[in-house]
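Encoded as C-alpha cells, the structure appears first; notes follow it.
The values are calculated or read from the model by the stated rules, or taken from the named source; none is laboratory data. Owing to the predicted nature of the structure, the values given are computational and were not obtained by experimental measurement. Neighbour counts are summed over all protein chains in view; Cβ atoms, including those assigned to glycine, are modelled from backbone coordinates with ideal geometry. In case anyone asks, the SASA skips ligands and DNA or RNA and just uses the protein heavy atoms, side chains included. Shrake-Rupley method; radii C 1.70, N 1.55, O 1.52, S 1.80 Å.
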Amino acid sequence: MARFDKIAVLNKVQATRIIPVFYNANIEIAKQVVKACYDGGIRVFEFTNRGDFAHEVFAEVVKFAAIECPDMAVGVGSIVDAPTATLYIQQGACFVVGPLFNPEVAKVCNRRLIPYIPGCGSISEIGMAQESGCDLCKVFPADVLGPKFIKGLMAPMPWSKIMVTGGVEPTTENLAAWFKAGAFAVGMGSCLFPKEIIEKKEWAYITTKCKESINCVTKIKGL
C-alpha cells in the first residue's frame, strides 16, 4: 500500500518541482541514489520499470526509503499497462508514470487514489488524460516538443499541470526555459545522474546537484 496518497504526493511535487528519474539493476546503487537525492531535498522519486526483475529492485528501494528517507514518495515510471501498474502498486508505489496515456492504468490508479502521470505528446492526449482524472500530465519527449509547446498549450488550457521529462538539464538556463513556459514540474534523468558519477559512486555529487536544482527552481518560481 502507498505510504502517501494522491493529495500528499502532489503537494510534495509542488514543494520542490523536481522528480528524479532513475533505474539501476543493482539494489545497493538504487538505494544510495535515492538517499543522495533525499539528502539534497528531493521528496518525490521515480524508479523506472526498465529491466528484468525491476519490480524486485523497486520493492527493496521502497522498504529502504520507508526507514532511511521517511518523507520520500517513491513511484514507478515507464508503465504502459494496467497489470504492471497493479504489480507496482501492490509493492508500495505512491504514483505511476508512463511514456504514454492508457485509460486502463488511470482506472487502476484512481481506484487506489494514486496519481497517474501519463506521457502525452499532443493537446488532445492531455485533454483525454485530464478527463480520466490525471491531475498531472507528463509532456514527453520534452526535448523534442520544446518549451514553446508548453507555452502554447497553457494559453487555452491554463488549468493544466504539466511535468516535462526528456532532456531536462540541471542548469539555470534550461530550468528557466521550462518553468517560464508554464511547466508545473520537471523530471530529470541522465542529466542528473551521469553514468561516470554512478560508476564512481560519487553520491555527494548527486546531493549537491539536487540542492542546486531546487534552489534554482525556487528562485525562478519565486517560491
What number of residues within the stretch 149-181 satisfy the criterion of being more than 17 Å from the chain's Cα centre (by Cα), within 26 Å of residue 128 (Cβ to Cβ) and open to solvent by less than 40 Å² (accessible area, probe 1.4 Å)?
5
Close pairs from the stretch 36-52: first within 20 Å of residue 15 (Cβ to Cβ) and surrounded by fewer than 22 Cβ atoms within 10 Å (Cβ to Cβ), partner of a type in the set (Asp, Glu) and modelled with pLDDT of 95 or more, Cβ under 6 Å, at least 6 apart
43/71
Filtered residues of the stretch 184-206 (kept if within 18 Å of residue 45 (Cα to Cα) and outside any helix (DSSP H, G or I))
184, 185, 186, 187, 188, 189, 190, 191, 192, 193, 194
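Mind counting the residues in the stretch 182-204 that are within 19 Å of residue 19 (Cβ to Cβ) and open to solvent by 80 Å² or more (accessible area, probe 1.4 Å)?
Residues that pass the stated criteria total 1.
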Scan the stretch 81-96 and tell me whether some residue there is touching a His at 6+ places or on another chain (Cβ under 7 Å) and open to solvent by 30 Å² or more (accessible area, probe 1.4 Å).
yes
Take the residues of the stretch 60-80 that are open to solvent by 20 Å² or more (accessible area, probe 1.4 Å) and of a type in the set (Gly, Ala, Ser): which is nearest to the chain's Cα centre (by Cα)?
78
Here is a list of conditions, (1) under 27 Å from residue 56 (Cα atoms); (2) open to solvent by less than 20 Å² (accessible area, probe 1.4 Å); (3) outside any helix (DSSP H, G or I), and residue 113 meets all of them except one; can you say which number that is?
(2)
So, of the residues in the stretch 116-141 that are among the polar types (S, T, N, Q) and either assigned to a loop (DSSP other than H, G, I, E, B) or modelled with pLDDT under 95 (or both), which turns out to be surrounded by the fewest Cβ atoms within 10 Å (Cβ to Cβ)?
122
Inspect the stretch 212-221 for any residue being over 16 Å from residue 13 (Cβ atoms), loosely packed, with under 15 Cβ neighbours inside 10 Å and free of Cβ contacts under 8 Å to residues at least 12 places away in the same chain and give the result as yes or no.
yes
Counting only helices (runs of 4 or more DSSP H) wholly inside the stretch 1-77, the ones holding at least 3 residues that are at pLDDT below 95 and of a type in the set (A, V, I, L, M) are none
